[in-house]
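What follows is calculated from the coordinates using simple rules that are stated; it is not laboratory data. This is a predicted model, so every value here is computed, not measured. Note that each Cβ is placed from the backbone with ideal geometry, even for glycine, and that neighbours are counted across all protein chains shown.
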Amino acid sequence: MFHILSDADIKEGAVTDIYFVRTKEILSGLGITRNVIAETFIRKLPEQWPWAVFCGLEEVLTLLDGHDVTVRSLPEGTIFRAGEPVLEIEGEYTDFGIHETAILGCLCQASGIATKAARCRVAAGTKPLISFGARRMHPAIAPMIDRSAFIGGCDGVSSIASSRQLGEEPVGTMPHALILILGDTVDAAKAFDRFIDREVHRIVLIDTFNDEKFEAVNVAEALGDRLFGVRLDTPGSRRGDFAEILKEVRWELNLKGYTHVKLFTSGGLDEYSIQELLPFCDAFGVGTSISSAVTVDFSFDIVEIEGQSAGKRGKNSGRKDLFRCSGCGASLVTAYGEKPKRCTCGASFASMLETYKPTEALKNLPAPQEIQARVLEQLKNFTPRDLTA
């Protein structure tokens, strides 16, 4: 058996921390029912990120399907900052409190992955960015990882199951295994060209046996105009100055007349190495840094009980609203119902939190492509300078 939970287990609350089960037992024993509002936010983003991408709402609504609760939340794919409420749930506490563990799990990891992907997207500009990270995490959660990466701005993912759920074609090149088994890079390139559907780009891995610049020319001579690109996944122990290797490959290909051949890189990339390689590379395959991205450590706290403000130490009590300036993008958190004046820039504020009844909302959720478009629209004016606080 694989060490995973079924959908039914998650829905029934089997993943919850035991103290929530004990709380429900105590409240039920005392005959106490309380209508509460619980809020999710983060006080400080990880790794000095100045912003993050909200992701995981669809799974939270799925988890709460059938419960008599109301959710107010940022739309999935919204960029937010530390200190901003991103989601609240209103209902009788024992009806949903047991799901706190799973709610946070859905939001924290998905938002971390989507944010890392978005940061790589900003670094890569308009150049193709592919998620290669399924192999770095448990296969049971590959679709969640790749969905989050896609929402964050990756153009495609390599996993078949993930691509199927996204409604996209899987993206990939060829593995070292093929070249090692056939014993020669050119033979592998020819075999790929012979047997693989013509709709698939011919992108050949060139770092298995020989120097990359010579191998690039060899496969270009073998495939000619059919060669779309070459991929460098050069091991760290052989890289030296990776940018220089890319420059050499580009020079040799251009010198021999193969200016149409694109250069793809993969292996240990993140938003910082992408920036360094951007002038010499045409596309990026990013794995570990996206799939194992640091989580966004949201908290989930009661802020109102039976209409009265409540809150633990260190937490602002009471229900809140979140507004964003339509001009400069500044955010404003207010007490619930408090209407803000115009921003100092002169533009008006727009409310950011939308209301969802889980069962109804699940019938009309946006497709991943729509959510990705929302993210990209928000990122369109971002530059690498926006990656640091």
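What to note about this one:
- Rounded FRET efficiency, nearest 0.05, which uses the C-beta distance separating Val15 from Lys312 and R0 of 25 Å: 0.60
- Relative contact order (%) - the chain, alpha-carbon pairs under 8 angstrom, separation at least six: 23 percent
- Among the listed pairs Lys315/Lys363; Lys116/Lys357; Lys341/Lys363; Lys320/Lys357; Lys24/Lys363, those whose Cα-Cα separation exceeds 28 Å are Lys315/Lys363; Lys116/Lys357; Lys341/Lys363; Lys24/Lys363.
- Under 15 Å from the Thr388 label point (7 Å along Cα→beta-carbon), backbone N, region 261-303: 271-276
- Taking GluC sites (Glu not before Pro) across region 338-377, the ones in a DSSP loop with at most 16 further Cβ atoms lying within 10 angstrom of their Cβ are Glu338.
- Taking Cα atoms only, the orientation of helix 185-195 departs from the longest principal axis of the chain by about 70 degrees.
- In plain terms, the residue of Met144, Met352, Met1 with the fewest other Cβ atoms within 10 Å comes first and the most crowded comes last, giving Met1, Met144, Met352.
- Loop sites by DSSP among the chymotrypsin sites (Phe, Trp or Tyr not before Pro) of the chain, restricted to those with at most 14 other Cβ atoms within 10 angstrom, leave 3-208 as the longest stretch without any of them.
- Virtual paramagnetic centre 7 Å along Cα→Cβ of Gln48, amide N under 15 Å, in region 255-293: 272
- Helix 368-379 vs. the chain, principal-axis angle (Cα, 0 to 90°, nearest 10): 90 degrees
- Sequence-distant lysines (8 or more away, or on other chains) whose Cα lies within less than 27 Å of Lys213: Lys127, Lys190, Lys247, Lys256, Lys262
- Gyration tensor (alpha-carbon) shape descriptor, region 172-266, a/c threshold 1.5: oblate
- Angle between the chain longest axis and helix 212-223 axis [Cα atoms, degrees, rounded to 10]: 80 degrees
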